[in-house]
Amino acid sequence: MKLNIKTSPKLISNKDLKVTTFDIMFVNPRLEFKDKYALEILLDLMSMYSLKNRTRQTFNEANDLNYIANYNVDFFNKGDTQFLTVSFLLPMAGIFDDFDLKKSLKIVKNHIFKSVVLADDFSYEFNLAYERYQKKLETKLSDPMAYFNDFWKDLYDFKHNYYHTNNDHINALKNTTMDRVRELYEKIILKGTYITFIGGNISDKTFYNETFESIFKQRKEVLKTEVDYERKFKPDWFGHVDKKIDSTQSIIRVGYYKENATKRDKYLLMFLSCALWRRENRILFNKLRNENDLVYSCSADYIESLDTITCTAHLSKENINKALVLIDESINELLDEEKFNKAKEKLLKADNITFISYLDDKLHEIKRLRSNTFKFESFEDEYNELTTITYEEMKECIESLKKVAELIMVGDKND
């Protein structure tokens, strides 16, 4: 799908917001996984993870003088496109007598476009960030669950950009260099195309527009980018696989796949996943733990890109066979129309936002409005779709699911 986006500033007015939100979003093709840690370290060096980081020290000085409340650097992917966002919170004009929007925006611009990455030698900052990811990766690899997930990815044919094995992470970190971090900064930030959003109590849009233009002097153009919403990956077909793991407990996971899923099917799978695990329903937990005391813990996840629901449980090895039967029963519980109606009633409570993890506060409202610029589905769209799900639809969806994976890892130690 092609998106045509005007790069002129977007002003989003909200009189209830006590700060001004300023976002600058860089848009570029999605990077390969080998650049994962180079990008993560770049974000760290532009952000404020380390108190010893020169970026944070410099910014804190500017913050004290100009009332820049906070800032954050993050990125997300949508289809084949990557969005890197630098977000700032500024006071609403008039809160401080000496607040100067133009001065604050100059500091924002300098912070973004004169990063520590441009220094002749930023090895100290780079090494701090590199060591942090190295320790995190070492900790992850010492967890039996990491090896379990690796086996799962291999079995399920995760040969695409969404899922990667531990070896992929190790190689990506090993291949991360200072030169590559600088190359990405120059490519994405210095030479990239960006879009800006200003949100808050904007009483004079002309003032904000002119102030922004006087600082950034952004050329106005139409950005054309590809976002592939339709990419599908079909898992390999197999029965169940047994592995052994050096652990005090066993782990099992079962995957249920919806073949040729439509957009509507995705909402049905989302509904089923929430009914299995989220908030008041928790069908899976009730059946495996509360009613039968078979597991230490369990969970269900919906993998949208694979049209798949997975159920995972940690348990003693003598309970594996019974738990596998009960997982199937949990999936089929909503075939009972009365139970389906009860689950729907709980999930759609107005005061119990279950389907999306967004908090319903003003900052997230701004972010949702920003997302609508890119025609991403909003929370309201998803909620409205979910309210119209019928028992007949859910019944057909459940009956058409295929069990495509059953991975069992048995702990060698005494459970």
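The values are calculated or read from the model by the stated rules, or taken from the named source; none is laboratory data. All figures in this text were calculated on a predicted structure; none of them were measured in a lab. Cβ atoms come from the backbone with ideal geometry, glycine included; neighbour counts cover every protein chain shown. Just the protein is used for accessible areas: all its heavy atoms, side chains included, with ligands, DNA and RNA removed. Shrake-Rupley method; radii C 1.70, N 1.55, O 1.52, S 1.80 Å.
Annotation: amide H of Glu259 within the under-5 Å range of Lys402, sequence separation 5 or more or interchain, hydrogens built in the peptide plane.
Computed about the Cα centre, the dipole magnitude for the stretch 124-197 is approximately 180 debye when only Lys and Arg (+1) and Asp and Glu (-1) carry charge, each at its Cβ. Shape analysis of the stretch 298-348 places it in the oblate category; the axes a ≥ b ≥ c from the Cα gyration tensor give an a/c of at least 1.5, with a/b not above b/c. Strictly over 30 Å apart at the Cα level, which of Lys140/Lys339; Lys102/Lys136; Lys339/Lys403; Lys34/Lys135; Lys109/Lys174 would you flag in this model? Table pairs above 30 Å Cα-Cα are Lys140/Lys339; Lys102/Lys136; Lys109/Lys174. Highest mean first, the peptides 36-47, 145-156, 115-126 sorted by other C-beta atoms within 10 Å per residue fall in the order 36-47, 145-156, 115-126.
The figure for Tyr257 is an accessible area of roughly 20 square angstrom, using a 1.4 Å probe on the protein chains alone.
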